[in-house]
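Read the structure below first, then the notes.
The values are calculated or read from the model by the stated rules, or taken from the named source; none is laboratory data. Source: prediction; values computed, not measured. Cβ placement follows ideal geometry from the backbone for every residue including glycine, while neighbour counts extend to all protein chains displayed.
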Amino acid sequence: MQDFGSIPYEVVLEKQNFFPAGRTTGVSIAAIKCLLVFGLYNDFRTKEVSLSLSQIEDITGCSKPMVIEGIKQLCSHGIVTKVDQGKTNVKGKYIINFPSKRFTKIPYSFLVYALKLFPNKGVTALVALKAYLILLKFRQNGTNHTEISYIGFAKYGINLRHLSKALAILISSNYISISKQYNSDEKVYNKSCNNYKVLHFPIIIYTHNNIDSGDSSGST
């Protein structure tokens, strides 16, 4: 089984909010979930994905109408292109558009089973998914660690009023955890602010002849 999927590095940008809240909160949640599904199943070379709406429903836990709207949102921003196959194909074909060679890794074995259980409603759930994309993007190569401050989250369009509860959802759903640092004076581990673990990534132990080939092209 594969270890990870991939989504465009440029999905998270400082001055571009692809997944707004408000009236489109539910659609934005569906769009992020659909993006993650496409990232899990895209062909690494061609970036093509072939899935039926029913399959996407099953993996995302979203209703068919929300899946359709979520895909429309991805297409409207140029993140995904839907390939016209006429009306005879049960499975739809999509292409994830990668603007550069950089990509963000997403954990396969966890998301393919857990994504359907993540909440589909509410601004807190949306903020949680957006925060997850940010943590994935800035994960340190070959590790499961990400370091980012609340101000850093805000730069990427995160509403700080909802961030604490959003992170709590990610933690309780086993997507992330708070990193701990050893306090040699007190001989205990303390939670470290602004340091997170993005769970379910295989950890790579580097040697002089061992590199993470996926990261060699500028991925994270």
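For N195, only one of the following conditions fails: (1) of a type in the set (S, T, N, Q); (2) surrounded by 11 or more Cβ atoms within 10 Å (Cβ to Cβ); (3) modelled with pLDDT of 95 or more. What is its number?
Just one mismatch for N195, condition (3).
Are any residues in the stretch 149-181 surrounded by fewer than 19 Cβ atoms within 10 Å (Cβ to Cβ) and touching a strand residue (DSSP E or B) at 6+ places or on another chain (Cβ under 7 Å), and if so, which ones?
Within the stretch 149-181, S149, I171, S177, I178, S179, K180, Q181 meet the criteria.
Taking the stretch 42-58 as the search range and keeping residues that are part of a helix (DSSP H, G or I) and in contact with a Phe, Trp or Tyr (Cβ under 9 Å, 6 or more places away or on another chain), which one is surrounded by the most Cβ atoms within 10 Å (Cβ to Cβ)?
The extreme case among them is I56.
Using beta carbons and a limit of 9 Å, which pairs, at least six apart or on different chains, have the first residue in the stretch 64-85 and among the aliphatic types (A, V, I, L, M) and the second one in a loop (DSSP other than H, G, I, E, B)?
The qualifying pairs are M66/N120; L74/F18; I79/F18; I79/N97; V80/N97.
Looking at I68, I29 in this structure, which one is more than 19 Å from H162 (Cα to Cα), at pLDDT 95 or above and part of a helix (DSSP H, G or I)? Before you say what the answer is, go through the steps one by one.
Values: I29 fails: more than 19 Å from H162 (Cα to Cα).
Going through I68, I29 in turn, the sole match is I68.
Give the residue that is nearest to G152 (Cα to Cα), with candidates limited to residues of the stretch 8-26 that are touching a residue at least 24 places away in the same chain (Cβ under 8 Å) and part of a loop (DSSP other than H, G, I, E, B).
E14
Check the stretch 92-112 and report whether any residue there is hydroxyl-bearing (S, T, Y), surrounded by fewer than 16 Cβ atoms within 10 Å (Cβ to Cβ) and more than 16 Å from the chain's Cα centre (by Cα).
Checked the stretch 92-112: at least one residue is hydroxyl-bearing (S, T, Y), surrounded by fewer than 16 Cβ atoms within 10 Å (Cβ to Cβ) and more than 16 Å from the chain's Cα centre (by Cα).
So T81 fits all but one of (1) closer than 14 Å to L199 by Cα; (2) not in a helix (DSSP H, G or I); what number is the exception?
Every listed condition holds for T81 apart from (1).
Go through the stretch 117-144 and count every residue that is crowded, with 16+ Cβ neighbours inside 10 Å, on the phi < 0 side of the Ramachandran plot and at pLDDT 95 or above.
The qualifying residues number 19.
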